[in-house]
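Reviewing the structure listed below.
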Amino acid sequence: MVPDAAIGVFFAVVCLIFFVIFFHFVSKFIQVNYLIHIITDHADQIIQEIRQLGSLEKSREAGAESPLCIYAKQEGYVRYVQIRPMVDLAMQEGLYLKLAPKVGQYAEKGSLLFEVWGSQDSAGLEPALTKNVSLGLDRTNQQDLVYVMEKIIETGLRAISLGINDPNTAIYCIRELSLIIKRLGDWKGSHWIIKDRTGEPRMEIPFYSFEELSGLWPI
């Protein structure tokens, strides 16, 4: 009986240790400031992707001829754009692509999705382009910088509500938001221009200028 009791005590101690470790990691993860920091990291990743793949500039004049228009086959928020496959396609076919809605905007079924210069073959291009644009009923933080910033602002507003009254969290939100705005301070355009491997502009995605981003939430 003594060995059985000893084994039971041993397993009880092991379970208690695992519970303490689990509680430590869970409590760390659910800290509001830690969650805000994760959201800010998402914003940094989006900004880095924009800088790596292209630059923010003015919209380019793609040509005098009329563009080929491609329309949305379903409705939903523009959640994510697979950029590299479309840029490679544009390079191979000698095209210039313009996405009509911003990432995060709601596109109605039948609304303009793409303008394409350099081709009139809608039957061949339409499936190749539309499959690389993710439309859905909810927004995501993959490329939607405004949505990421809205999360931080909503957290700060809730923190200073009468029911919560957590000014420290609100101050932390303001600090993280100011860091994001600071990283956007040198942006001079409102369109994300993406170039191919030879340096030729092949695609543009409408975005927000620095003035538009900093003025979206007058709080």
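Given a 1.4 Å probe and the protein chains as shown, D41 ends up with an accessible area of around 60 Å².
Using a probe of 1.4 Å on the protein chains alone, the accessible area found for H42 is around 60 Å². What distance in nm separates the two pseudo spin-label positions at N165 and S119, each 7 Å out from Cα along the beta-carbon direction? Taking the simple label geometry, N165 and S119 are separated by 6.2 nm. When the surface is traced with a 1.4 Å probe over the full set of protein chains, E154 keeps roughly 90 Å² accessible. What region 60-173 shows is 52 Å² of accessible area per residue, with the surface traced by a 1.4 Å probe over protein heavy atoms. Within the straight-line cut-off of under 12 Å between alpha carbons, the aspartates and glutamates reachable from K151 are E176, sequence neighbours fewer than 8 places apart in one chain being disregarded.
Surface composition of region 100-189: carbon plus sulfur atoms contribute 53% of the solvent-accessible area (1.4 Å probe, protein chains only, all chains present).
Stokes-Einstein, applied to the Kirkwood radius of region 42-81 over Cα pairs at a viscosity of 1.002 mPa s and 20 °C, places its translational diffusion at 156 µm² s⁻¹. Distance between the modelled labels on Q74 and D41, one decimal in nanometres: 3.0 nm (7 Å Cα→Cβ projection). On a straight-distance basis, which lysines could pair with K109 in a cross-link, Cα separation under 22 angstrom, same-chain partners fewer than 8 positions away excluded? Within reach: K73, K98, K131.
The values are calculated or read from the model by the stated rules, or taken from the named source; none is laboratory data. None of these values were measured; they are calculated from a predicted model. Quick reminder, even Gly has a Cβ in these numbers, built from the backbone with ideal geometry, and neighbours come from all protein chains shown. Heavy atoms of the whole protein, side chains included, go into the accessibility calculation; ligands, DNA and RNA do not. Shrake-Rupley method; radii C 1.70, N 1.55, O 1.52, S 1.80 Å.
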